[in-house]
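Worksheet: the structure to be examined is printed underneath.
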Amino acid sequence: SFLSDHGSRAPPDAGMATDLLLSERQASLLDELTSSVNSGLQEVADAEKGNTFEAFHQHWQTVRHRHLQQEASKRRGRWQWICQVQEICNSACEELDTVLGQLKELDRQRCEVLRKTTALHKECEQMVQDQERLAAEAEALAERLDYFDRVADVACMLDHQSANGLLATGTSTSSSGSDLATVLDQIDGSLSFLELHPDFCQAQPYTHQFEHLRNRACLALRSTVQRSLEKSLAQVEQQLKDGGTVPTQVFCSQFKAAASSYRPLLSLLHQRLDIHETYAVTLEELEGFFVHLRLKLLTLPVSSHLQSIVHKDLEMNQLAPATREASAYILEVSQMEHQCFEAYFELRQPQEALRSLMETIADIFYQTMRPLVLACDSIDSLREIGDSLQTDVLEPQRRSKMDLVSFLGMVYRLHKDVQEKLIYRVEMYIRDSIKGYVPSNSDLDYPWVLYSSEREEDPLTESQTGWYPSLPRTLSILAKIYRALEMSTFQGIAQEAVDLCMHTLKEASQILARKSLPSCSDRNMQAVLPLVQMMDSQLFLVKHLLLLREQVAAFECELVVSEKYFNFGNLWEALNLKLPDGILGILKPTMYHAEVDSKKDIESELKSACEALITNITAHITQPMAAMNVKIGNYLANPQVDRASLKEQSFMKEELHGVISTFLDNVKVKVPFATAHIRLYLSTPGGTDSSRSTSPILFKPVELRLVDTWGRLEGLLEEQHFSAQELTEMGFIRPDALRELISSLFNSVMEAPWENVVQTVAQVPRNRSQVPKAMTEDGAPMDRQPSATPSTASVERNHSGALQEVGADTAPAPVAPVAPAGIPTPAEEQAAMLVEGAAPAPATGTAPVTMPEASVESGTRL
């Protein structure tokens, strides 16, 4: 029972069963011990009543025996329980071995099933692959056979379309276009396949059949479109016969109406241009046929209309408006033709038919207008024609999205022809009217032409009153061609025209310098005749050079021309047996490069003219000092004389007073007279100064030189110890007083009424009808030698010289005065030397004058 009880209580886990077994055992032992002690105590209590020791010993033996029995029984029970557990474990192990054997068998069976399933799956996959491969091969065979079987289908479709037409009645454009597109796609696909597989059976015969079908399709499409174009042409021609002259839109209306039906068919050809040349050839044939019909329809009406615009009775001044009208008409026709062509065909590059159409239309315009351009001799008309072609046709169409390159090329060619004719006429005008201009009596009637400002009623010509004719002609021709020609061409023509204009102005100035003046009974007026002749010549040149510089500056261009020329001077050396670089040096010229800047030339000529004018005016005013200067120079040239005794010489006592009074009289007479001429020449008609600063700037150097000359005389007098009373008795005034006198005289004339200025200038009589004989190209009269021109003495020529530089504080080097006949008198030469500040030339055989250092430092150098 103990084993059964404890066996039934034994937990599955061996460790936990041992712990529970020990606990129960201890509890049972404790219980037995307690019961034994209790029973022993009871027996002891009972034995005490008898024999205590015997009873206790007996009881002790009993308890010990019982305890041993119990211990033995417990050990036997424990071993019995262990044996039972061992039997149970053995039984469980046997059952586990049985189960493991069954699981191994099951696993073997599972592996067998898996192997069979995998093999079956592989076999199924192989069967599916075989099925798909066979299906693909069957489909490929069917597809390849389809390329061969299309011949009959395509032929039937083409026969049907040929019988009913590509655009049969009741058939929409989209459906017919899609049917033809399908046919062409089948043909192109079959041919592409056969070309890739030329080794297939009967590939070559089928290729020929498909090519034949493609040619049939293209021919059917071409014939259909051509019939439509011919029908539209017949309708337009019938309208022309019925109505005579019709609007321009009628030429394209019928074609545009039919274009919408045939544009899809032509698009099929355009889409297949890269596939085969048959489509390109068919499309080009249709484009050429279209252009042929359009030109057949347009050539005669367009030519007739252009001829009606530019008829033979057209006036020259109406040529430019007629050109503008004709260009507008031909541009409208070209645009409409371009739109009509684009309605049928898609644009591409290059497109020979469209180019031929545009060029032919433009050539009609070109052939009509070119003879008129070549026959036109009017510069204004040629300029207006060029402007109309440039502004109305070329420039607007450059910004246009429509491609009219071919048309614009012909118009540009006509524009170039107009420019070439314009350049030719301008060069002829420059040669005949500027370079070859022969002045008349009235042209050189100066200063009388400056008086008559009220005779001109036109304000434009009134502003040019007093201008030499070559100047307004030059400016007018340059203004006309400024925007009409290219800038490089304009610069070359402008540079030539400006150079020739300056040449004519200098020739006219030389004519005025040689123009003789009538004698005058008044001695004062007779004395100023050389001054008048010089001022008319120089002021004429200064006035026109100022005008030319001002007007040329308005043209925003550089008048610079590069010139290259060869020098064959080595040929002359070779003839003198000087062979450079051997014998071949004779044939090798030297090339030189030079630039001609007309603006700098104007500045240089203007500065030279101003220098000559300033020096000559100064020389004429200081002329009374010339004789005194000669005598002083001759006296000081003698080394044996004492310089301090110059005051005691007879010519100093007798002539000095007259020289001073004569000089001051010249200042009071000739300064207002010269100022009046300067104001007259440099003012606009009516007396208003075009630039109030021009006249003072031009006269300021004269004032500086006069005051400087007077200051040198003052230094000489102070050196000779003239007292203030003696200077007063001689009428000598200080340089500051002389400066104020000159300034007051100049300002009084500048502020005087215009009538007074004219009256002052008119005091000197002039021959209004006398003009010298014609001159050669070098400016000399044909019947005599060239006259002496004003020579310059130490004149700096820079290309930026202006009037402000002429009026600088340091007076520029003077120029020798010009005599009436072109030869300066000895007195004028001495006066010029005095103005220059140099001692007069000593007499023959005398040594030059050496001035003391003190005299040089005190400013008395003569």
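The values are calculated or read from the model by the stated rules, or taken from the named source; none is laboratory data. Computed from a predicted structure; not experimentally measured. Cβ coordinates were reconstructed from backbone atoms using ideal geometry, including for glycine residues, and neighbour counts include every protein chain displayed. To get the accessible areas, we keep the full protein, side chains included, count just its heavy atoms, and leave off ligands, DNA and RNA. Shrake-Rupley method; radii C 1.70, N 1.55, O 1.52, S 1.80 Å.
Could you check how much of the accessible area of segment 220-292 is carbon and sulfur, as a whole percent, using a 1.4 Å probe?
Numbers: 1750 of 3540 Å².
So the carbon and sulfur contribution to the accessible surface is 49 percent.
Taking R0 as 41 Å, what's the FRET efficiency between Arg370 and Glu751 from their Cβ-Cβ distance, rounded to 0.05? If you can, show how the numbers build up before the last one.
Numbers: r = 62 Å, r/R0 = 1.51.
The formula returns an efficiency of 0.10 here.
Enter the accessible area per residue of segment 113-152 (Å², integer; probe 1.4 Å; all protein chains in place). Could you put the intermediate results ahead of the total?
Values: 3360 Å² over 40 residues.
Accessible area per residue, segment 113-152: 84 Å².
Stretch Lys122-Glu395 to full length: gain in nm at 0.36 nm per residue minus the Cα-Cα span? Each step should come with its number before you reach the end.
Numbers: separation 273, 0.36 × 273 = 98.28 nm, distance 8.03 nm.
Difference between extended and current length: 90.3 nm.
Sorted by packing (mean other beta-carbon atoms within 10 Å per residue), highest first, where do 97-108, 262-273 land?
Numbers: 97-108: 10.0, 262-273: 18.4.
Result, highest mean Cβ count within 10 Å first: 262-273, 97-108.
For a quick protection proxy, order the peptides 227-236, 431-440, 252-261 by their average other-Cβ count within 10 Å, most packed first.
Details: 227-236: 15.7, 431-440: 14.1, 252-261: 17.3.
Going by the mean number of other Cβ atoms within 10 Å, highest first, we get 252-261, 227-236, 431-440.
Along Cα→Cβ, 7 Å out, is where each label goes; now give me the distance between the ones at Ser516 and Gln70 in nm to one decimal.
19.3
Show me, for segment 234-241, the HN-Hα J-couplings you get by feeding each phi into the Karplus relation (A = 6.51, B = -1.76, C = 1.60, θ = phi - 60°), rounded to Hz, glycine and proline as x.
5, 5, 5, 5, 5, 5, 5, 5
Between Leu145 and Cys557, what is 0.36 nm times their sequence separation minus the Cα-Cα distance? Round to one decimal in nm. Write down the numbers at each step before the final one.
Numbers: separation 412, 0.36 × 412 = 148.32 nm, distance 7.92 nm.
In short, 140.4 nm is gained.
When you count, for each residue, the other Cβ atoms within 10 Å and take the mean per peptide, how do 701-710, 507-516 rank with the highest first? Present the calculation step by step, with values, prior to reporting the outcome.
Working: 701-710: 22.3, 507-516: 20.6.
The most tightly packed comes first, giving 701-710, 507-516.
Strictly over 32 Å apart at the Cα level, which of Lys543/Lys670; Lys631/Lys700; Lys506/Lys631; Lys607/Lys631 would you flag in this model? Present the calculation step by step, with values, prior to reporting the outcome.
Values: Lys543/Lys670 20 Å; Lys631/Lys700 30 Å; Lys506/Lys631 38 Å; Lys607/Lys631 34 Å.
Correct reply: Lys506/Lys631; Lys607/Lys631.
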